[in-house]
Amino acid sequence: MLRLVLLGRPGAGKGTQGAFISEKFKVPRLVMSELLKEEVRSGSELGETIKGYMERGLLVPDDIVYQVLEKRLSEVMERGFVLDGFPRNLEQAEWLDKFLSERGRSLTAVLFFDVDELTVLRRMMGRLVCESCGRSYNVFYDPPPDARRCECGGKLYQRSDDCYEKILRRLDVFNEETSPLIKYYEDKGLLVRIDASKDVEGVRKEVFSTISSLLSPS
Ligand SMILES: [Zn+2]
């Protein structure tokens with residue numbers, strides 16, 4: 001059974017590859033930001049609290065994140081999971097270890113999607129999204145048929161998160177808070193490096209063969 005954590009800079013392709021892994025290996029995918037949004041949509045008391053933080057543009061405190069995660073992880077424990085967007089710092093990683101070991105479990109591996117900052121910048125700054133069908137393009141790698149229009153004729157726009165300053169801020173947060181996890185998991189013998197500078201298909205191949213060998217070590 002797979003219990004995976006996906007680690008990597010924003011723009012490293014964790015979301016895309018996480019979806020591939022989930023589909024191919026039939027394992028539930030837990031994306032932290034999505035779990036928080038789902039909790040808000042559920043209208044629960046916890047959801048209301050989360051909504052309050054989000055609306056003020058504040059980070060949701062760890063103890064609330066843990067409550068959401070505890071519930072969802074318990075639901076999928078017997079089927080395994082692919083975790084994306086958590087842990088983001090050492091304290092959260094230690095929480096996850098404790099949570100799993102109390103249940104007699106441990107992580108199978110941590111996939112580190114290794115890619116440099118300039119590649120991430122190109123990927124994120126080049127992103128254009130269609131207003132009507134939601135399809136996304138990349139100016140550099142996967143250009144739309146026209147600078148202004150999607151294939152479907154819809155207008156293209158750049159998400160406000162994809163501007164240079166915001167991307168840099170997210171990269172700084174990764175470097176300061178999340179990158180210590182690379183050594184943390186390396187020391188535990190759990191870290192597997194994936195060359196995430198390749199294109200989507202190339203990364204997928206590497207990810208699939210890595211997971212296959214994790215499932216049937218020879
Ligand atoms: Zn479109």
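The values are calculated or read from the model by the stated rules, or taken from the named source; none is laboratory data. Computed from a prediction, not measured in an experiment: that's the story for all the values here. Cβ coordinates were reconstructed from backbone atoms using ideal geometry, including for glycine residues, and neighbour counts include every protein chain displayed.
The residues in the range 189-217 that are part of a loop (DSSP other than H, G, I, E, B) and either on the phi > 0 side of the Ramachandran plot or without any contact (Cβ under 8 Å) to a residue 24 or more places away in the chain (or both) can be counted, and the count is 4.
Count of the range 157-186 residues, restricted to those that are part of a helix (DSSP H, G or I) and over 20 Å from Q92 (Cβ atoms), is 8.
Checked against the criteria, D142 counts as at pLDDT below 95, surrounded by 13 or more Cβ atoms within 10 Å (Cβ to Cβ) and within 16 Å of the ligand (Cβ to nearest atom).
Can you spot a residue in the range 153-168 that is within 16 Å of the ligand (Cβ to nearest atom), without any contact (Cβ under 8 Å) to a residue 40 or more places away in the chain, surrounded by 12 or more Cβ atoms within 10 Å (Cβ to Cβ) and of a type in the set (G, A, S)? Yes; the residues of the range 153-168 include at least one that is within 16 Å of the ligand (Cβ to nearest atom), without any contact (Cβ under 8 Å) to a residue 40 or more places away in the chain, surrounded by 12 or more Cβ atoms within 10 Å (Cβ to Cβ) and of a type in the set (G, A, S). Here E91 passes the criteria (1) surrounded by 14 or more Cβ atoms within 10 Å (Cβ to Cβ); (2) within 20 Å of L59 (Cα to Cα) except the one numbered (1).
Looking at this structure, is R123 surrounded by 16 or more Cβ atoms within 10 Å (Cβ to Cβ) and at pLDDT below 95? Here the answer is yes, as R123 does meet what is asked. For L90, only one of the following conditions fails: (1) of a type in the set (A, V, I, L, M); (2) touching a Pro at 6+ places or on another chain (Cβ under 9 Å); (3) within 16 Å of the ligand (Cβ to nearest atom). What is its number? Status for L90: all satisfied but (3).
Working carefully through the options M1, M77, find the one that is closer than 28 Å to S213 by Cα and loosely packed, with under 13 Cβ neighbours inside 10 Å. Can you show your working first?
Values: M77 fails: loosely packed, with under 13 Cβ neighbours inside 10 Å.
Just a single option satisfies the conditions, and that option is M1.
It is to be established whether one or more residues within the range 113-129 are of a type in the set (D, E) and within 16 Å of the ligand (Cβ to nearest atom). No: the range 113-129 contains no residue that is of a type in the set (D, E) and within 16 Å of the ligand (Cβ to nearest atom).
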